[in-house]
Every structure is written in C-alpha cells, then in structure tokens.
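Report on one structure; see the data block that follows.
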Amino acid sequence: MRYYQKSIALDPKYAKVREYLGEAWMIKGRPDLAKEQLTIIKSLCGVKCEEYQDLHAAINGHPES
C-alpha cells in the first residue's frame, strides 16, 4: 500500500496506480476506499477507460461492496 501511495504522490493523475490501489482495498475488505479510487479514476479518464472498467468490475465482483 505504501508504494501505491508514493506513486500517487509523484503523479496523482496516474490512473493505473489508482486502479491497483482500488483492487488492493477490495482485497483488504475496504470497498468504500476502492470506490473512492473509482471516483477519482472517473474524473481522470472517464468511464470508458480500461482502468475504470477493471476496477468497476473488481468492485462489482465482490458481494461485500
């Protein structure tokens, strides 16, 4: 998680790292934080970019979200 945060600090507009961070939050049982990343990705590249679609699928694939 620390590496993802460092990467975001270096480039807050890097959607791919935000996707990975969101997926990591899902693994850790924090869909709320994953959805935060999804919202940020949407603001960066819209809903049709791969990063948004992949994280959206990961969130929707977990019943606890």
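Just so you know, all these numbers are worked out from the coordinates, no wet-lab data involved. What you see is a predicted model; the values in this text were computed from it and never measured. Reconstructed Cβ throughout: ideal geometry from the backbone, glycine too, with neighbour counts over all protein chains shown.
If you go through region 5-50, how many residues are touching a Leu at 6+ places or on another chain (Cβ under 6 Å) and within 12 Å of HIS62 (Cβ to Cβ)? Steps first, please.
Restricting attention to region 5-50, the residues satisfying the condition of being touching a Leu at 6+ places or on another chain (Cβ under 6 Å) are 13, 15, 19, 22, 25, 37-38.
Going one step further and asking which of them are within 12 Å of HIS62 (Cβ to Cβ), we end up with 22, 25.
Selection size over region 5-50: 2.
Return the only residue of ILE8, ILE41 being of a type in the set (Val, Ile, Thr), in contact (Cβ under 8 Å) with a residue 24 or more places away in the chain and surrounded by 11 or more Cβ atoms within 10 Å (Cβ to Cβ). Write out each step before concluding.
On the way: ILE8 fails: in contact (Cβ under 8 Å) with a residue 24 or more places away in the chain.
Unique residue meeting the criteria: ILE41.
Does ARG30 count as among the basic types (Lys, Arg) and surrounded by 15 or more Cβ atoms within 10 Å (Cβ to Cβ)? Steps first, please.
Values: among the basic types (Lys, Arg): yes; surrounded by 15 or more Cβ atoms within 10 Å (Cβ to Cβ): yes.
Yes.
Just to confirm my filter: which helices (runs of 4 or more DSSP H) fall fully inside the chain and include at least 2 residues that are on the phi > 0 side of the Ramachandran plot and touching a His at 6+ places or on another chain (Cβ under 6 Å)?
On the way: elements: 2-10, 15-27, 31-45, 50-60.
In the chain, no matching helices (runs of 4 or more DSSP H) lie anywhere.
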